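Everything below concerns the one structure shown next.
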Amino acid sequence: MKLDSGISAVVTGGASGLGEATARALAADGVKIAIFDMNEEKGEAVAKELGGVFCNVNVTDEATVDAGFEKARAAVGQERILINCAGTGNAIKTASRNKETGEIKHFPLDAFNLIIQINLVGTFRCIAKSAAGMMSLDPLDGGERGAIVNTASVAAEDGQIGQAAYSASKGGVVGMTLPIARDLSREGIRVNTILPGIFNTPLLAAAPEQVKQALGMQVPYPPRLGDPDEYAALAKLMVTNSYMNGEDVRLDGAIRMAPR
Ligand SMILES: NC(=O)c1ccc[n+]([C@@H]2O[C@H](COP(=O)([O-])OP(=O)(O)OC[C@H]3O[C@@H](n4cnc5c(N)ncnc54)[C@H](O)[C@@H]3O)[C@@H](O)[C@H]2O)c1
């Protein structure tokens, strides 16, 4: 797909980090941007700067997602691109024993379910609704109608201690990529997923510089955290390379996460 001002994109989680970098990279090629995020202040600011539109969307809430697509399509046109970056994690052991008190606890199921709802079901909700909208578009040269990029994590493959919910949610995103690509193949809509390693985003901003450096040193090469622009470059490649479809790609400097 060739990027220009005739194309619009919905970027979930576009108010921050990987989503924001991708929204900026697409806008630099003229693509019209709709930001879907719960962070209204940051989302509005990014959308305004890019000449796009902000939609206050919680990907777990069907009504806000529907309203978001309606607002986005009225403002910038039916999207041909969907970038799914909205997501979060938690760190809780499946079952654990308090060393001092001996108290035994397990992972609260509502906390497990929340992460699945945001990262997995929320991603699928946006894919399904966006794909249905893309199907109303005339195909471009070569029969292509749209391109979707999802964000999993290397935790889909090498999840660490405490990451049962996060890894399950991201593993779900990896697992559904191929069947969704197959579902949408007749309509000319491609779907690919990025598995980022450790990226320098506001998710890590709270960590002291030393901790970030130590994390970066664990990466074989280059020994540093990933730059959100490097994620954006791969997302853009997945959109523009029309032969890339149904693929899950690690972007991680060859890191394989240790148990902790
Ligand atoms: N930063 C990393 O190292 C890293 C590594 C692997 C995977 N990821 C994944 O990349 C994605 C983006 O992460 P990031 O580092 O840019 O984080 P970030 O916190 O900077 O950005 C995430 C954005 O998603 C939004 N968001 C969260 N829950 C939402 C919801 N329910 N509905 C709508 N918006 C919601 C937040 O408001 C935020 O603006 C996440 O899915 C994360 O799991 C990040």
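The values are calculated or read from the model by the stated rules, or taken from the named source; none is laboratory data. As the structure is a prediction and not an experimental result, all values here were calculated from the model. No Cβ is skipped: glycine too gets one built from the backbone with ideal geometry, and neighbour counts run over all protein chains shown.
Does the stretch 197-210 contain at least one residue that is farther than 29 Å from Leu114 by Cα and surrounded by fewer than 17 Cβ atoms within 10 Å (Cβ to Cβ)?
Yes.
Can you tell me which of (1) in contact with an Asp or Glu (Cβ under 7 Å, 6 or more places away or on another chain); (2) in a helix (DSSP H, G or I) is the one Leu204 doesn't meet?
(1)
Which residue pairs have Cβ atoms under 6 Å apart, sit 6 or more places apart or on different chains, and have a first residue in the stretch 110-121 that is over 13 Å from Thr151 (Cα atoms) and a second that is surrounded by 15 or more Cβ atoms within 10 Å (Cβ to Cβ) and small (Gly, Ala, Ser)?
The qualifying pairs are Phe112/Ala165; Ile115/Ala165; Ile115/Ser169; Ile116/Ser169.
When you scan the stretch 46-56, do you find a residue that is surrounded by fewer than 22 Cβ atoms within 10 Å (Cβ to Cβ), in contact with an Asp or Glu (Cβ under 7 Å, 6 or more places away or on another chain) and either among the charged types (D, E, K, R) or on the phi < 0 side of the Ramachandran plot (or both), even just one?
Yes, the stretch 46-56 contains at least one residue that is surrounded by fewer than 22 Cβ atoms within 10 Å (Cβ to Cβ), in contact with an Asp or Glu (Cβ under 7 Å, 6 or more places away or on another chain) and either among the charged types (D, E, K, R) or on the phi < 0 side of the Ramachandran plot (or both).
In this structure, is Arg256 of a type in the set (Lys, Arg) and either surrounded by 15 or more Cβ atoms within 10 Å (Cβ to Cβ) or in contact with a Leu (Cβ under 9 Å, 6 or more places away or on another chain) (or both)?
Judged against the criteria, Arg256 is not a match.
Does Gly14 fit the bill of being within 29 Å of Asn245 (Cβ to Cβ) and part of a helix (DSSP H, G or I)? Spell out how you get there, then give the answer.
Numbers: within 29 Å of Asn245 (Cβ to Cβ): yes; part of a helix (DSSP H, G or I): no.
Judged against the criteria, Gly14 is not a match.
Taking the stretch 58-80 on its own, how many of its residues are surrounded by fewer than 17 Cβ atoms within 10 Å (Cβ to Cβ), closer than 16 Å to Ala47 by Cα and either in contact with a helix residue (DSSP H, G or I) (Cβ under 9 Å, 6 or more places away or on another chain) or not hydrophobic (A, V, I, L, M, F, W, C) (or both)?
Going through the stretch 58-80 one residue at a time, the tally reaches 1.
Name the residues in the stretch 221-235 that are in a loop (DSSP other than H, G, I, E, B) and within 12 Å of the ligand (Cβ to nearest atom), would you?
Going through the stretch 221-235, the residues in a loop (DSSP other than H, G, I, E, B) turn out to be 221-225, 227.
Those that are in a loop (DSSP other than H, G, I, E, B) and within 12 Å of the ligand (Cβ to nearest atom): Leu225, Asp227.
For Lys170, indicate whether it is under 23 Å from Glu20 (Cβ atoms) and more than 15 Å from the ligand (Cβ to nearest atom).
No: the conditions fail for Lys170.
Looking only at the stretch 5-63, filter to residues that are away from the ligand (no atom under 14 Å from the Cβ) and acidic (Asp, Glu); which one of those is nearest to Ile118 (Cα to Cα)?
Looking at the filtered set, the residue picked out is Glu49.
If the Cβ limit is 6 Å and pairs must be 6+ apart or interchain, which residue in the stretch 60-86 that is modelled with pLDDT of 95 or more pairs with which residue that is assigned to a helix (DSSP H, G or I) and more than 13 Å from the ligand (Cβ to nearest atom)?
Phe69/Lys129; Gln78/Gly133; Ile81/Val239; Leu82/Ser130
Going by what's in this entry, would Val211 be described as closer than 30 Å to Ser136 by Cβ and more than 11 Å from the ligand (Cβ to nearest atom)?
Answer is no for this residue.
So for the stretch 203-211 (the condition being at pLDDT 95 or above, of a type outside the set (A, V, I, L, M) and under 29 Å from Gly43 (Cβ atoms)), does at least one residue qualify?
no
Within the stretch 187-196, can one find any residue that is surrounded by 14 or more Cβ atoms within 10 Å (Cβ to Cβ), of a type in the set (Asp, Glu), touching a residue at least 24 places away in the same chain (Cβ under 8 Å) and part of a strand (DSSP E or B)?
Taking every residue of the stretch 187-196 in turn, none turns out to be surrounded by 14 or more Cβ atoms within 10 Å (Cβ to Cβ), of a type in the set (Asp, Glu), touching a residue at least 24 places away in the same chain (Cβ under 8 Å) and part of a strand (DSSP E or B).
Would you point out the residue of the stretch 81-134, among those that are polar (S, T, N, Q) and over 19 Å from the mean Cα position of the chain (by Cα), that is surrounded by the fewest Cβ atoms within 10 Å (Cβ to Cβ)? Spell out the reasoning first.
Keep residues of the stretch 81-134 that are polar (S, T, N, Q), which gives 84, 88, 90, 94, 96, 98, 101, 113, 117, 119, 123, 130.
Then keep just the ones that are over 19 Å from the mean Cα position of the chain (by Cα); that gives 94, 96, 98, 101.
Values: Thr94: 11, Ser96: 14, Asn98: 9, Thr101: 7.
Only one residue tops the list, namely Thr101.
Output the number of residues of the stretch 207-220 satisfying the condition of being part of a loop (DSSP other than H, G, I, E, B) and among the polar types (S, T, N, Q). Show your work before the answer.
First, pick out the residues of the stretch 207-220 that are part of a loop (DSSP other than H, G, I, E, B): 207-208, 218-220.
Next cut, among the polar types (S, T, N, Q) only: 218.
The qualifying residues number 1.
Going by the structure shown, is Ile180 β-branched (Val, Ile, Thr), within 14 Å of the ligand (Cβ to nearest atom) and within 27 Å of Val76 (Cβ to Cβ)? Please lay out each step first, then the result.
Values: β-branched (Val, Ile, Thr): yes; within 14 Å of the ligand (Cβ to nearest atom): no; within 27 Å of Val76 (Cβ to Cβ): yes.
Spelling it out, it is not the case that Ile180 is β-branched (Val, Ile, Thr), within 14 Å of the ligand (Cβ to nearest atom) and within 27 Å of Val76 (Cβ to Cβ).
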